[in-house]
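Student: Handing you this structure, nothing more for now.
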Ligand SMILES: Cc1ncc(COP(=O)(O)O)c(C=O)c1O
């Protein structure tokens, strides 16, 4: 038997539940016997019987020596890593552990400007200094791609003392940069490459998909098994390659950030998802890719719609793409992505992954059926007919905000005493909160940065265009939180 067919953790919890022990331990619902009846019926006995915690026969995620260790070792083998750690706190938890295990107070870390908030949280907790690299912008569809090998090279030449480089690969939209080249450049400085692989758990299992972080030689990757790999929501993994990072240290940091009440339902689902990916991933992904490519072709025949395909490949930032992501530009219909999302919900009971001003994003996985795709295509055709009177060719211009100077580390800014002042009077002050616009999803200002006239102008332009500006406590963006009486001096 292929040993990837084994599920040491999942099998052990099922066997434990079958033995039906008398439980004088947490969780207090005791196999569902002591809980709300309606919830119990809905969730079902099987799930409740394996809602367990780290009693001795079931190992301990904080010090794995038994079934969790075995399950993690099988996962490492399946993902081409030297070590895999399970996370019950999503990829956010894995990202924080990954970053906090390689940078400390005042250390520099090179990161793309459009990072997920867990990256900035980790940088704030660690007290590190982020060195931002601009992602490439796509003016045609109005989204940010990844960072290029050249921009990483330049950042390292300017900051040769950086302790790590973080890359998002692939992006939410399924776009991959030349990760292998980035890894080669970064390794010349003898520092690790950390990959936010939240949207790429499946890519390791099919050679028509972009290279995974481990295949590209990266040192660590935080990978959302729950997003596209078939495990339950909140379960993720952290993959590690030996060499530039110390796995025991990563394990300790991960443990510091993890609940002591780890869910065995989540852990078992990771074990089972790994088995399914290792044994059936290639075949299941074949089917998903085929479904998605067929849908892409049909969507591109609908007037006013454009579904991104392999024609997008060919720049340093767009080295490869994941065809299972259907990124559909709707701007030529003369309505926004938000409008399309609402229309699909109201008229067809269809929910998309995300929408923005110009696009919707739909993900195709082994969980999709051809009949669902057919319904989606019919819905898009109907929408296109309804909008036929105003199909247009507007040319979208995406303006990129200048990266402001950092006066304080984001951590110092986060913990500093603050004042609330009008946005209009904030030039020259150091901001203590985040301001971002979606799309393109790049933070305009982060805690610790010096506010410029250009930033305020950019925020106002976005607000005037109806773009959602997010982050500040005052959602109207009239007032803004700044550091009290600080004369800003850029630190780089
Ligand atoms: C790029 C990126 N990184 C990290 C995360 C965090 O993943 P999780 O929701 O599993 O914590 C997300 C979530 O959407 C994401 O889009």
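Values in this text are rule-based calculations from the coordinates and carry no lab data. Owing to the predicted nature of the structure, the values given are computational and were not obtained by experimental measurement. FYI the Cβ positions are ideal-geometry reconstructions off the backbone, even for glycines, and counts take in every protein chain you see.
Student: What shape does the range 57-120 have by the C-alpha gyration tensor, where a ≥ b ≥ c are the square roots of the eigenvalues, rounded means a/c under 1.5, and otherwise prolate means a/b greater than b/c and oblate the rest?
Tutor: Cα axes put the range 57-120 in the prolate bin.
Student: By count of other Cβ within 10 Å, fewest leading, how are 463, 270 ordered?
Tutor: Starting with the residue having the fewest Cβ neighbours, the order is 463, 270.
Student: Using 7 Å Cα-to-Cβ label points, what is the residue 69/residue 56 separation (nm, one decimal)?
Tutor: Inter-label distance under the simple model: 1.6 nm.
Student: Please compute P(r) over all alpha-carbon pairs of the range 131-284, binned at 5 Å starting from zero, and give each bin as a whole-number percent.
Tutor: P(r) for the range 131-284, in whole percents per bin: 2, 9, 16, 19, 19, 16, 11, 6, 2, 0.
Student: Could you sort 309-318, 30-39 so that the peptide with the highest average Cβ count within 10 Å comes first and the rest follow in order?
Tutor: Taking the mean over residues of other Cβ atoms within 10 Å, the ranking is 309-318, 30-39.
Student: Would you list 274, 180 from fewest to most Cβ contacts within 10 Å?
Tutor: Listed from fewest to most nearby Cβ atoms, that is 180, 274.
Student: Determine, from the Cβ-Cβ distance of residue 377 and residue 484 and an R0 of 56 Å, the FRET efficiency 1/(1 + (r/R0)^6), rounded to the nearest 0.05.
Tutor: 0.50
Student: Assign one of three labels to the chain, namely rounded, prolate or oblate, based on the Cα gyration tensor with a ≥ b ≥ c the square roots of its eigenvalues; rounded applies when a/c is under 1.5, prolate when it is not and a/b is larger than b/c, and oblate otherwise. Mind dumping the intermediate values first?
Tutor: Working: a/c = 1.55, a/b = 1.18, b/c = 1.32.
Oblate is the answer for the chain, as a/c is 1.5 or above yet b/c matches or exceeds a/b.
Student: At a threshold of 8 angstrom on Cα-Cα distance, excluding pairs fewer than six apart, so keeping six or more, what relative contact order does the chain reach in percent?
Tutor: Computed value for the chain: 14 percent relative contact order.
Student: Follow-up. Assuming R0 = 30 Å, what is the FRET efficiency of residue 207 and residue 354, from their Cβ-Cβ distance, to the nearest 0.05?
Tutor: In this case the efficiency is close to 0.65.
Student: Moving on. What ranking, highest mean first, results for peptides 444-452, 112-120 when packing means the other Cβ atoms within 10 Å averaged over each residue?
Tutor: Descending mean neighbour count gives 444-452, 112-120.
Student: Once the Cα gyration tensor of the range 1-126 is found, what semi-axes does its equivalent ellipsoid get, as square roots of 5 times the eigenvalues, in whole Å, sorted largest first?
Tutor: Result for the range 1-126: semi-axes of 34, 21, 13 Å.
Student: Classify the range 303-367 as rounded, prolate or oblate from the Cα gyration tensor: take a ≥ b ≥ c as the square roots of its eigenvalues, call it rounded if a/c is under 1.5, otherwise prolate when a/b beats b/c and oblate if not. Numbers along the way, then the final one.
Tutor: On the way: a/c = 2.61, a/b = 1.51, b/c = 1.73.
Since a/c reaches 1.5 but b/c is at least a/b, the shape of the range 303-367 is classed as oblate.
Student: What FRET efficiency, computed as 1/(1 + (r/R0)^6) with R0 = 35 Å and r the Cβ-Cβ distance, is obtained for residue 346 and residue 391, rounded to the nearest 0.05? Before the final figure, lay out each step's value.
Tutor: Working: r = 21 Å, r/R0 = 0.60.
Once rounded, the FRET efficiency stands at 0.95.
Student: For the range 155-225, what does the relative contact order come out to in percent, with C-alpha contacts under 8 Å and a separation of six or more?
Tutor: About 32 percent, as a whole number.
Student: Roughly how many nanometres apart are two label points built 7 Å out from the Cα toward the Cβ at residue 11 and residue 475?
Tutor: Label at residue 11, label at residue 475, 5.1 nm between them.
Student: Can you tell me the order of 222-231, 287-296 when each peptide is scored by its average per-residue count of other Cβ atoms within 10 angstrom, highest first?
Tutor: So the peptides 222-231, 287-296, ranked by packing, come out 222-231, 287-296.
Student: At 0.36 nm per residue, and after removing the present C-alpha to C-alpha distance, how many nm does the segment from residue 457 to residue 184 gain when stretched out fully?
Tutor: The residue 457-residue 184 span can extend by a further 94.4 nm.
Student: Now for a separate question. Counting other beta carbons within 10 Å of each residue's own, what order do 98, 1 fall into, fewest first?
Tutor: Fewest to most other Cβ atoms nearby, the residues stand as 1, 98.
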